[in-house]
1. Being surrounded by 15 or more Cβ atoms within 10 Å (Cβ to Cβ) and either modelled with pLDDT of 75 or more or within 27 Å of the chain's Cα centre (by Cα) (or both): is that true of G317 here?
2. Taking segment 106-126 as the region of interest, how many residues are in a helix (DSSP H, G or I) and either open to solvent by 50 Å² or more (accessible area, probe 1.4 Å) or among the aliphatic types (A, V, I, L, M) (or both)?
3. Considering only residues of segment 256-311 that are among the acidic types (D, E), in a loop (DSSP other than H, G, I, E, B) and at pLDDT below 80, which is least open to solvent (accessible area, probe 1.4 Å)?
4. Being of a type in the set (A, V, I, L, M, F, W, C), open to solvent by 60 Å² or more (accessible area, probe 1.4 Å) and in a helix (DSSP H, G or I) is the filter; apply it to segment 24-62 and report the residue that is modelled with the highest pLDDT.
5. Checking the conditions here, which among R132, R157 is in a helix (DSSP H, G or I), free of Cβ contacts under 8 Å to residues at least 12 places away in the same chain and in contact with a helix residue (DSSP H, G or I) (Cβ under 9 Å, 6 or more places away or on another chain)?
6. Within segment 127-142, restricting attention to residues that are among the hydrophobic types (A, V, I, L, M, F, W, C) and open to solvent by less than 10 Å² (accessible area, probe 1.4 Å), which residue is nearest to S48 (Cα to Cα)?
7. Checking the condition open to solvent by 40 Å² or more (accessible area, probe 1.4 Å), at pLDDT 75 or above and among the basic types (K, R), which residue from R228, R157, R212, R196 passes?
8. Starting from residues that are β-branched (V, I, T) and under 22 Å from S125 (Cα atoms), keep the ones in segment 39-69 and report whichever is nearest to the chain's Cα centre (by Cα).
Amino acid sequence: MGLIEVIAHHGYAVTAIVLFLACAGVPLPVSITLLAAGAASHHGLQLSVLLPLACGAAIAGDTLLYFGGRYTGWWLLAVMCRLSLDPEGCIFRSADYFYKRGAKTLLVAKFIPGLGAMAAPLAGSLNMRFWRFLRLDALGAVFYCAAWTMAGYVFSRFLREIAEALAQAGHAVLILVLLLSIGYAVGFLAFTIRARRYRAIEKISAANLHERLQLLTPDRLVVIADVRSHGYYDPGMKRIKNSIRVEPNRLKEEVVALREFMAPECEIYLYCSCLRDTTSVRVAYMLQQEDCKVQVIKGGMKAWIKAGGELELVPEGDVRHLPQFD
């Protein structure tokens with residue numbers, strides 16, 4: 001039984017569950033489900049019931065992520081991007097799109113790969129008022145669900161022919177899926193091998209660094225660099241006291257600015273808020289290519305706070321100005 005037949009028999013429940021889970025962050029094929037639901041409307045489903053149900057499920061999933069972003073800030077975004085090969089870039093690109101286009105991003109977010117899942121928690125993290133979020137998100141959900149469902153309805157015959165052709169070419173499809181899986185595995189292996197060069201990067205525990213700083217003499221030059229992306233900043237965010245800013249998304253320019261600290265006797269320590277200190281390690285590797293003595297603070301900000309290290313507010317000039325939604 002094909003997807004269209006499954007939707008025809010259990011259409012309302014399947015469509016609602018897939019839409020809710022997908023909008024709540026589970027990677028499921030929403031557009032394919034809506035296409036199949038539209039095609040199945042020729043065989044028992046009623047569009048007058050299907051569309052409101054799909055939109056309601058999508059809005060419910062988005063609302064869940066909105067409040068998740070509202071109360072956890074950038075933590076939820078980091079969790080959602082964890083499966084990405086570049087978690088920081090995943091967050092930064094989505095946030096940057098929101099920064100440039102503002103609240104109206106919600107109207108088209110679901111049509112843009114990657115941004116659809118991130119838009120709702122971003123709106124919550126950026127403190128958009130709930131009723132404004134709900135209004136714009138609902139319009140975006142209606143546009144998205146209506147577009148794919150009507151496309152499935154109009155091209156129902158064409159979709160059935162494709163499904164039958166795929167069923168007849170089962171072996172060819174299986175080979176294609178296998179080749180794609182192998183390609184992904186090769187790409188992941190290449191990424192892993194490339195990441196091995198970072199193993200030589202030295203790390204220091206936050207507790208050891210805290211003790212070391214207490215014993216330093218005034219003539220010893222020590223630099224602590226904050227390499228978190230601007231996208232991670234919430235209003236009122238803090239950083240390690242007396243640390244400097246190094247923007248990880250424009251490292252070449254930052255290296256030029258850091259050259260004054262690159263004397264052999266200078267010690268540079270980096271920290272971020274990424275899983276496995278990803279950004280700190282990447283920046284440290286680049287600085288090492290410039291003959292700079294650098295170490296990564298293992299565990300980043302969380303470890304520093306746990307070790308009892310001093311903090312200060314991030315200076316206004318280093319904070320990415322958030323869009324004004326209200």
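1. No, not satisfied.
2. 12
3. E290
4. L53
5. R157
6. My answer is A141.
7. Criteria check complete, one pass: R212.
8. Just the residues of segment 39-69 that are β-branched (V, I, T), to begin with: 49, 59, 63.
Imposing the further condition that a residue be under 22 Å from S125 (Cα atoms) reduces the set to 59, 63.
Values: I59: 20, T63: 17 Å.
Within segment 39-69, the match that is nearest to the chain's Cα centre (by Cα) is T63.
The values are calculated or read from the model by the stated rules, or taken from the named source; none is laboratory data. Keep in mind that this is a model prediction, so the values were computed, not measured. With ideal geometry, Cβ positions are generated from the backbone for all residues, glycine too; neighbour counts draw on all protein chains shown. Just so you know, the surface numbers come from the protein's heavy atoms only, side chains and all, with ligands and any DNA or RNA stripped out. Shrake-Rupley method; radii C 1.70, N 1.55, O 1.52, S 1.80 Å.
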